[in-house]
1. Highest mean first, what order results for 62-69, 6-13 on Cβ atoms within 10 Å?
2. How far apart, in nanometres, would the label points at residue 3 and residue 73 be if each is projected 7 angstrom from Cα along the Cα-to-Cβ direction?
Amino acid sequence: AAMSAAVQQLVKEKPPNGILRLGELLLEAGQAKENEPPLKLSLPRAENSENSTDKWNLIGWARGTGVHRVIAATILRGAADRGLGSDSENALTFLRQLPDKSALAVLFG
């Protein structure tokens with residue numbers, strides 16, 4: 001969303017050095033986001049196999065896409081960004097340092 005808004009602003013402004021201005025706009029968007037409270041996660045209710053149907057559902061879709069690998073990579077990057085290293089042991093240390101599950105939302109922002 002920040003990139004899209006920055007590019008739209010860039011098109012409106014038409015600055016002489018577009019790359020520099022794009023960087024400034026993205027930096028401003030990042031700083032504004034840092035001042036916002038962390039997003040609260042609302043976990044969807046898990047579907048159990050007794051209630052499974054042929055109807056599409058988000059939980060089943062996410063399981064099938066392998067999104068768990070993206071989540072793991074994002075958590076590893078969060079640990080590395082905080083100087084903990086990027087392996088499973090450091091990821092666990094990082095996760096234990098989080099105040100609650102909602103703090104994860106910042107990583108995926």
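FYI, it's all coordinate maths here, none of it is from the lab. Quick caveat, the model's predicted, so the values are computed rather than measured. Backbone-built Cβ (ideal geometry, glycine too); neighbour counts: all protein chains shown.
1. Numbers: 62-69: 10.4, 6-13: 13.0.
Going from most to least packed, we get 6-13, 62-69.
2. 1.3 nm
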